[in-house]
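**Q** Quick one: structure below, then a few questions.
Read-outs: derived from the displayed coordinates by stated rules, not from any lab. Treat the numbers as computed from the prediction; the structure is a model and nothing was measured. Here the Cβ is made from the backbone with ideal geometry for all residues, glycine too, and neighbour counts use every protein chain on show.
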Amino acid sequence: MARLSYPKAGELNAGLEELVLSRVGGVGKEFGYKTESAGDLASWGDPGLEELTRWVGRMAGQLVEKLLGVSLAEAYLRSREREGEGEGGRAPVVGVVARRSWASVYRSGDRHEPHFHPNTAWSAIYYVAAPGPCELDLLDPRHFVDYFDAGISLAGEEQRVRLVCAPGDLVLIPGWLRHAVPTFRDEGVRISLSWNLNYMARSG
Ligand SMILES: [Fe+2]
């Protein structure tokens, strides 16, 4: 996973907060536990949001390149070889793109129970506004680990990592990693944006 700060957060977030609130006020989908925007962020037609989305994709790509120590194109070719699907010809152009994106608004008492994002390579979460810390719980992916309780945990033996983020932060986690938003207790709103990211490859 990775957590990083968007360099342009200062100039973007206030306007983005207003934009999200106007969108969820109109076409928002009400869940019992939070309010989520309908549609895709790409359809909002906001240049700042589009620039942020491109940055999120670039950061996810760079994270993967850093983890693997090779370019995305090289990693893609290797994965095709592993699958026995090697293809000749020119080197592919490989990137990370958003397949789905939405805004979430939490008000006092809202939460999001443990879940993961199927068919997603990377889940991206960006914090737009909050009166206090933005908490995100990352849950242990091991099967049946819930049955184990070490009692006192001193060196990370517990089954949950709680990230404490702030507006302007971006979190990238694998799509399979279960996560949850603990109950939001502050007054005001906690606003985040989410993208389901996947790789896209085309011949160069
Ligand atoms: Fe999620």
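**Q** State which helices in the chain qualify, where a helix is a whole DSSP H run, it must extend 20 Å or more along its own axis by its Cα atoms, and its mean Kyte-Doolittle hydropathy must be at least -0.5.
**A** Passing helices, by number: 9-27, 47-68.
**Q** Moving on to the next point. Hey, got the dipole for region 12-165? About the Cα centre, +1 on K and R Cβ, -1 on D and E Cβ, debye to the nearest 20?
**A** Roughly 300 debye, rounded to the nearest 20.
**Q** Would you mind giving the average projected area, over all directions, of the Cα convex hull of the chain in nm² with one decimal?
**A** 13.9
**Q** How high is the relative contact order of the chain, in percent, with contacts defined as C-alpha pairs under 8 Å that are six or more residues apart?
**A** 33
**Q** Order by neighbour count: LYS34, LYS66, fewest other Cβ atoms within 10 Å first, most last.
**A** Taking fewest neighbouring Cβ atoms as first place, the list is LYS66, LYS34.
**Q** Taking the highest mean first, how do the peptides 172-185, 1-14 order by number of other beta carbon atoms within 10 angstrom per residue?
**A** So the peptides 172-185, 1-14, ranked by packing, come out 172-185, 1-14.
**Q** Taking only DSSP H segments of four or more residues, each worth -39500 (n - 2.57), what value at 222 nm results for the chain once the sum is divided by all its residues, to the nearest 500 deg cm²/dmol?
**A** When only DSSP H runs of four or more count, the value is -8500 deg cm²/dmol.
**Q** Using label points projected 7 Å from each Cα along Cα→Cβ, tell me how many nm separate LEU63 and TYR147, to one decimal.
**A** 3.2
**Q** For GLU51 and SER5 in the same chain, what is the full-extension length gain: residue separation times 0.36 nm, less their Cα-Cα distance, in nm?
**A** 15.1 nm
**Q** Based only on other Cβ atoms within 10 Å, what is the fewest-to-most ordering of ASP146, ASP169?
**A** Lowest to highest Cβ neighbour count: ASP146, ASP169.
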